[in-house]
Each structure stands twice: as structure tokens, then as C-alpha cells.
Amino acid sequence: MKLHYVEHYLEKVIKHSRLTEKEIFSKTKQMHIVQARRILYYLCVKKGITINELMQYLKQLNFDVAYNNIRSGIETTEKQIMKDPDLAEIIYNLK
């Protein structure tokens with residue numbers, strides 16, 4: 001039901017980060033890609049999508065991610081926002 005929100009935020013993150021969907025959903029540990037994924041998780045959960053729902057929607061987009069990875073990504077992003085006003089502004093503009 002809320003898949004369109006995930007797709008909407010994914011498009012915004014892709015445009016901002018200049019990454020492809022394939023790169024964002026890759027298993028890489030490259031920090032700029034990891035941060036783009038985390039921002040996607042954060043935006044979706046702040047929109048009211050539960051982590052379990054997000055897992056299901058991402059699976060529909062052929063990206064299988066564990067609950068703990070999403071949760072820790074959101075927690076990390078929240079900590080970074082508190083320390084980095086530029087990141088806070090980026091996320092605000094992506095909403």
C-alpha cells in the first residue's frame with residue numbers, strides 16, 4: 001500500500017546521490033552508497049512505514065535486507081543528523 005512512498009524516496013535519493021538503483025541496493029560497504037541506503041530507510045520510516053513493511057517493500061524491489069540492518073541504519077542516520085547540519089538539510093530537502 002505504501003510502496004509508492006518507497007519508490008518516491010528511492011527516486012529522490014537516486015537523483016541526489018547520483019547513484020543507480022542497482023548501486024544503492026548492492027551489498028557494497030562503500031560509505032557513500034551505504035549512506036544513501038540509510039537515508040532511504042530513514043525517510044521511509046519517518047513517513048510512517050514500519051521496518052517490517054519496509055522490508056517487504058524492498059523485497060518487492062528485489063532487495064532483501066535484514067530488520068537489524070534497517071534499524072541500525074536509521075539509528076546511525078539519526079546520530080549523524082544531530083552532528084551534521086548539512087546532512088539534516090539534505091534530508092529535509094528530500095522529504
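Report the full-extension gain for the segment residue 72 to residue 50: residue separation times 0.36 nm, less the Cα-Cα distance, to one decimal in nm. Write down the numbers at each step before the final one.
On the way: separation 22, 0.36 × 22 = 7.92 nm, distance 1.39 nm.
The span from residue 72 to residue 50 would gain 6.5 nm if fully extended.
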Subject >> For the chain, built as a Gaussian network whose Cα springs stay under 10 Å, the top-fluctuating residue of 19, 54, 40 >> reply: 19
Original post:
What are the trypsin sites (Lys or Arg not before Pro) within region 40-88 that DSSP puts in a loop, where the Cβ has at most 10 other Cβ atoms within 10 Å?
Top reply: none
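So what's the convex hull volume per residue for the Cα atoms of the chain, in Å³? Provide the component values of the computation, followed by the final result.
Working: hull volume 8.3 nm³, N = 95.
Looking at the chain, the number lands at 87 Å³ per residue.
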**OP:** Would you work out the relative contact order for the chain, in percent, from Cα pairs under 8 angstrom that are 6 or more residues apart?
**Re:** 29 percent
**OP:** Output the DSSP H helices from the chain with an along-axis C-alpha extent of no less than 15 Å and a mean Kyte-Doolittle hydropathy no less than 1.6.
**Re:** none
**OP:** Between beta-carbons, use under 12 Å as the cut-off and find the net charge around residue 28, counting Lys and Arg +1, Asp and Glu -1.
**Re:** +3
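Taking a 1.4 Å probe, which of 95, 12 shows the most accessible area, and what order do the others take after it?
95, 12
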**OP:** Would you calculate, for the chain, the mean residue ellipticity at 222 nm contributed by helices, counting each DSSP H stretch of 4 or more residues as -39,500 (n - 2.57) and dividing by all residues, to the nearest 500?
**Re:** -23500 deg cm²/dmol
**OP:** Output the pairs from 27/59; 12/83; 29/83; 15/95 with a Cα-Cα distance over 19 Å in this structure; if there are none, say none.
**Re:** 12/83; 29/83
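The values are calculated or read from the model by the stated rules, or taken from the named source; none is laboratory data. Here the structure is a predicted model, which is why all the values come from computation and not from measurement. Note: ideal-geometry Cβ built from the backbone for every residue, glycine included; neighbour counts use all protein chains shown. What goes into the accessible areas is simple: the full protein's heavy atoms, side chains included, and nothing from ligands, DNA or RNA. Shrake-Rupley method; radii C 1.70, N 1.55, O 1.52, S 1.80 Å.
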